[in-house]
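Novice: Before we start, here is the structure in question, set down as structure tokens.
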Amino acid sequence: MSSDSTIKGNREGFGEAIVELAKIDPNLVVLCGDLSDSMKLTEFKKLFPDRYVECGVSEQNMMGVASGLALAGKTPWVVSYAVFNPERNLDQLRTAIYSQLNLKIVGGHTGLATGRYGSTHQALEDLAIMCSLPTITAAVPADYKQSFALTKQLHTLKTPTYLRLSRLARPSIVDSQPIILGQSLVLNKGKDLTIFACGLMTQTAVEATKELEEIGLSVELINLHTVKPLDQRTIIESLNKTGAGIVIQEHQTFSGLNSLLAQVVANEAGQKITKSIAFEFMGVTEIFGESGSEDDLYHKHGLDKLAIIKKAKLVLEKKKKINS
Amino acid sequence: MPANINQQLNKIACKVRQDILRMTVLSGSGHIAGSFSITDVLVTLYFSKILRFDPKRPNWDKRDYFLLSNGHTCPALYAVLARSGFFDVAELDTYAQLGSRLQGHPHFAFGSKDNLPGLENTSGSLGQGISQAAGIAWAMKMDGKNNQVFCMMSDGEQQEGQVWEAYTFINYHHLDNFIGIIDCNNIQISGPIKKVMPLRDLKLKLMSFGFRVLEADAHDFADLEKKLTHAKENKSQATIILASSLAGKGVSFMENDSKWHSHIPSENEYSQAIKELQIKEKSDVK
């Protein structure tokens, strides 16, 4: 599971898509706060120096400048690590969204796998923050392919968007379905339980699903690359079938995808959801991150294959109680 | 500036201050002191041909931009926009009422047809208008346009760190189409700035950031016109005008008293204030 520098990850998918978009949209501008290489903007800077706005280590001003560019009719992509953008400059972003400005926010280095930089660089709250803002669309690509496709699709929206990226590059998911904003991907069909995953946790869930199937369970695996708005129909259909769900995200457990999905289930209980559902929610629970290798961090915080397998057993026990 | 123009601007400014009082009293909210201290600057910008605009075409692509960063002083901007012909003066009475286009702090919604004509930005959280102005200035340069971008800030607002990020950005990117005005009335909500959080030598600080810094009397129309024209006509450097003002300017018992930052006048205070302004409107006094 350790990082391999030859693999293209979701940062590369963004960096390549933004170059393609800039070739066709002269109004596209990119703002970054001294992290252009890390955020894979090197090529964009080289090809479009007049449309790259260097903001230095000044994220609050960066968001304000982006707002001004949007007021003047540009479509700004505002790029930095998520702990700085949108977390440090949330007030400026809030004003921009209140003003219906078409800002494209990109937060890098989310989750635990951010090298050994420690908690100051591990955004674990950004989805909760972003999804609480009215009108925003939030995407969490799992890999290079999703990131490339979703970047392009987010650009076509006239409303504010958030793209959540990771430092760690994992091999792309093997899947031939089209990647469409707002539509989930059913990566495996099953009937005993459903695993919902976004971002890098998708690959972990793929591995866990294989192992669970090997011991005789039938697991439905759904990738939710678009966290807001959620693909409610697929979620509900699957849960009506399996009656048990596990949600996994590289984020604080009690918010983000977990709580958004829980709301869908609670709202539809007795309506479109026809039975009681057993649930387990996975994430980083009531604690900040820390330095360490990716494998060690995922293991300690219960975000590896083994942890999913344990949760699968737990959720199936719950399901049994509900149905007994 | 000929005396009759001076007198004409004085008349408008007196009307604007009466509008501000009326909005404040009708809604039971608003910030009189700061609104009064920026009134003469706004009147000069809009009524002595400093700003390029057309009230019939608020989105005219050749207009100069005016951004209010210290959003709590919006009653002054609303009144000046109405008196410039952007919308009916009667609409001022809806200020801060449910459903009004005149929000308690300015709200601009991009692309919406429900916006208040003439308004360019949302403000209220201090320190942001300057960055928004920098973004517009950058876009104008990028498109090879000569529109200029004016931004009004307050002196208390200079306590926000974002302002200093923006100053660095503006000068590094050489945005000489930017003209900032700082309303220096020396007070903020809790009292005198020098007691709450002093700014030290603002002029020296701004010069060291790379600005051309001009000083003006915020209540002397001739001086304001001279400094604003100088800033507008002499590009090559971004400019900031330090406009030395009196909080609550125009009504004797409101002047230079931080109590009036957001205090609402009683019925008697209101009549007294209106009376003073009506006398000034007819006189030749600034």
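The values are calculated or read from the model by the stated rules, or taken from the named source; none is laboratory data. All figures in this text were calculated on a predicted structure; none of them were measured in a lab. Note that we place each Cβ from the backbone using ideal geometry, even for glycine, and neighbour counts take in every protein chain shown. Each accessible area value is taken on the protein alone, full model and side chains, heavy atoms only, with ligands, DNA and RNA left out. Shrake-Rupley method; radii C 1.70, N 1.55, O 1.52, S 1.80 Å.
Novice: Just in the stretch B:221-286: which chymotrypsin sites (Phe, Trp or Tyr not before Pro) are loop by DSSP and have at most 15 other Cβ atoms within 10 Å? Before the final figure, lay out the partial values.
Specialist: On the way: sites: B:Phe221, B:Phe253, B:Trp260, B:Tyr270; in loops: none.
Answer in residue order: no site qualifies.
Novice: What spacing in nm lies between the two simple spin-label points modelled at A:Ile322 and A:Lys310, each 7 Å away from Cα in the Cβ direction?
Specialist: My value for the distance between the label points is 2.2 nm.
Novice: Per the helix-only calculation at 222 nm, which mean residue ellipticity applies to chain A, given -39500 (n - 2.57) for every DSSP H run of n ≥ 4 and division by its residues, nearest 500 deg cm²/dmol?
Specialist: Values: 11 runs with 125 residues, N = 324.
After summing the helix terms and dividing by residue count, I get -12000 deg cm²/dmol.
Novice: While we're on this one: Averaged per residue, what accessible surface does the stretch B:31-92 expose to a 1.4 Å probe, in Å²?
Specialist: Values: 1790 Å² over 62 residues.
Here the residues of the stretch B:31-92 average 29 Å² of exposed surface.
Novice: Would you please give the residues with an amide H less than 5 Å from that of A:Ala244, counting only those at least 5 places away or on a separate chain, with H modeled from the backbone geometry?
Specialist: A:Thr194, A:Ala278
Novice: Run the dipole for the stretch A:10-164 about the Cα centre, Lys and Arg Cβ at +1, Asp and Glu Cβ at -1, nothing else charged, and hand back the magnitude in debye, nearest 20. Numbers along the way, then the final one.
Specialist: Values: 15 positive and 15 negative charges, 52 e Å.
The calculation lands at about 260 debye.
Novice: Using only alpha carbon positions, build the gyration tensor of chain A, then give the equivalent ellipsoid semi-axes as the square roots of 5 times its eigenvalues, largest first, whole angstrom. Before the final figure, lay out the partial values.
Specialist: Details: eigenvalues 230, 83, 61 Å².
Whole-Å semi-axes of the equivalent ellipsoid: 34, 20, 17.
Novice: Here is a follow-up. Summing both sides, how much accessible area is buried between B and A? Use a 1.4 Å probe and give Å² to the nearest 100.
Specialist: On the way: alone 12540 and 13650 Å², together 23950 Å².
That pair of chains buries around 2200 Å² in total.
Novice: Could you give me the ³J(HN,Hα) list for the stretch A:242-251, computed from phi with Karplus coefficients 6.51, -1.76, 1.60 and θ = phi - 60°, whole Hz, x at Gly and Pro?
Specialist: Running phi through 6.51 cos²θ - 1.76 cosθ + 1.60 with θ = phi - 60° gives 8, x, 8, x, 10, 10, 10, 8, 8, 6 Hz.
Novice: Could you pull out every residue, at least 5 positions away or on a different chain, whose amide H is within less than 5 Å of the one on A:His225? Hs are placed 1.01 Å off N in the peptide plane, and Pro or chain starts have none.
Specialist: Here A:Leu185 satisfy the definition.
Novice: Right, another one. Treating cross-link reach as a plain straight distance, find the aspartates and glutamates whose alpha-carbon is under 16 Å from the alpha-carbon of A:Lys321, omitting any fewer than eight places away in the same chain.
Specialist: A:Asp192, A:Glu280
Novice: Any idea what the relative contact order of chain B is, in percent, if you count C-alpha pairs under 8 Å spaced at least 6 apart? Let's see the in-between values first.
Specialist: Values: 553 pairs, mean separation 70.3, N = 286.
Here the relative contact order equals 25 percent.
Novice: Same structure, new question: Sort A:Leu261, A:Leu187 from largest to smallest accessible area, using a 1.4 Å probe on the heavy atoms of the protein chains. Provide the component values of the computation, followed by the final result.
Specialist: Details: A:Leu261 0, A:Leu187 40 Å².
Order by accessible area, largest first: A:Leu187, A:Leu261.
Novice: Classify the stretch B:109-172 as rounded, prolate or oblate, taking a ≥ b ≥ c as the square roots of the eigenvalues of its Cα gyration tensor: rounded when a/c is under 1.5, otherwise prolate if a/b is larger than b/c and oblate if not. Write out the running numbers ahead of the final one.
Specialist: Details: a/c = 2.36, a/b = 1.15, b/c = 2.05.
Taking the square roots of the gyration eigenvalues as a ≥ b ≥ c, the stretch B:109-172 is oblate.
Novice: Turning to a different aspect of this structure: For the stretch B:35-52, what does the Karplus curve 6.51 cos²θ - 1.76 cosθ + 1.60, with θ = phi - 60°, yield as ³J(HN,Hα) per residue in whole Hz, taken in order and with x for Gly and Pro?
Specialist: Running phi through 6.51 cos²θ - 1.76 cosθ + 1.60 with θ = phi - 60° gives 5, 5, 6, 9, 4, 5, 5, 4, 4, 5, 4, 8, 10, 10, 6, 7, 7, 8 Hz.
Novice: What does the C-alpha gyration tensor say about the overall shape of the stretch B:70-204? Classify as rounded when a/c is under 1.5, otherwise prolate if a/b is larger than b/c, or oblate.
Specialist: oblate
Novice: Treating the beta-carbon of each Lys and Arg as +1 and of each Asp and Glu as -1, no other charges, what is the dipole magnitude of chain B about its Cα centre, to the nearest 20 debye?
Specialist: 440
Novice: About its Cα centre, how strong a charge dipole does the protein assembly as shown have in debye, to the nearest 20, once Lys and Arg get +1 and Asp and Glu get -1 at the Cβ? Don't skip to the answer; put the middle values down first.
Specialist: Details: 66 positive and 66 negative charges, 175 e Å.
Its charge dipole is roughly 840 debye.
Novice: Something else now. Which value, in Å², gives the accessible area per residue of the stretch A:4-159 when a 1.4 Å probe is used on the protein heavy atoms? Before the final figure, lay out the partial values.
Specialist: On the way: 5090 Å² over 156 residues.
Ligands and nucleic acids excluded, the result is 33 Å² per residue.
Novice: Also: Have a look at the DSSP beta bridges in the stretch B:175-286 and tell me what percent are antiparallel, nearest 5. Don't skip to the end; give the middle numbers.
Specialist: Details: 2 of 14 bridges.
Taking every DSSP beta bridge with both residues in the stretch B:175-286, the antiparallel ones total about 15 percent.
Novice: Once amide H atoms are built 1.01 Å from N in the peptide plane, which residues 5 or more positions from A:Asn188, or in another chain, come under 5 Å H to H?
Specialist: Here A:Leu221 satisfy the definition.
Novice: Most fluctuating residue of A:Ala66, A:Ala169, A:Ala269 in a GNM of chain A with Cα springs under 10 Å: which is it?
Specialist: A:Ala269
Novice: Another one. Provide the per-residue ³J(HN,Hα) series for the stretch B:190-203, in order, calculated from phi with Karplus coefficients 6.51, -1.76, 1.60 and θ = phi - 60°, each as a whole number of Hz, with x at glycine and proline positions.
Specialist: Result, ordered by residue: 8, x, x, 4, 5, 9, 7, 6, x, 8, 6, 7, 4, 4 Hz.
Novice: Over chain A, with a Gaussian network built from C-alpha contacts below 10 Å, which listed residue (A:Gln100, A:Gln122, A:Gln249) shows the highest mean-square fluctuation?
Specialist: A:Gln100
Novice: Given a 1.4 Å probe, show me the residues in the stretch A:81-127 buried by at least 50 Å² of accessible surface when comparing the whole protein assembly to the chain alone.
Specialist: A:Thr95, A:Tyr98, A:Ser99, A:Gln100
Novice: Summarise the accessible area of chain A (1.4 Å probe, protein heavy atoms) by the percent that is carbon and sulfur.
Specialist: Values: 6650 of 12540 Å².
Carbon and sulfur atoms account for 53 percent of the accessible area of chain A.
Novice: Now for a separate question. Using only alpha carbon pairs under 8 Å that are at least six residues apart, calculate the relative contact order of the stretch B:1-128 and give it in whole percent. Let's see the in-between values first.
Specialist: Working: 180 pairs, mean separation 32.9, N = 128.
With pairs under 8 Å counted, the relative contact order is 26 percent.
Novice: Computed over the Cα atoms, what is the radius of gyration of the stretch A:185-323 divided by 2.2 N^0.38 Å, N being its residue count?
Specialist: Rg over 2.2 N^0.38 Å, computed on Cα atoms: 0.99.
Novice: Points 7 angstrom from Cα along the Cβ direction at A:Asp25 and B:Arg200: gap in nanometres?
Specialist: Taking the simple label geometry, A:Asp25 and B:Arg200 are separated by 4.3 nm.
Novice: How high is the relative contact order of the stretch A:185-323, in percent, counting Cα pairs under 8 Å that sit 6 or more residues apart? If you can, show how the numbers build up before the last one.
Specialist: Numbers: 218 pairs, mean separation 37.8, N = 139.
It comes to 27 percent, rounded to a whole number.
Novice: Could you identify which residue out of A:Ile308, A:Ile24, A:Ile179 has the top mean-square fluctuation in a GNM of chain A using Cα springs shorter than 10 Å?
Specialist: Its mean-square fluctuation being the largest, the pick is A:Ile24.
Novice: Here's something else I'd like to know. Let me make sure I get this right: for chain B, a, b and c are the square roots of the gyration tensor eigenvalues over alpha carbons, sorted descending. Under 1.5 in a/c it's rounded, otherwise prolate if a/b > b/c, else oblate. Which is it?
Specialist: Details: a/c = 1.43, a/b = 1.28, b/c = 1.12.
Rounded.
Novice: Can I ask one more? Give me the distance in nm between label points sitting 7 Å out from Cα along the Cα-to-Cβ direction at A:Ile180 and A:Glu214, one decimal.
Specialist: It works out to 3.5 nm between the two label points.
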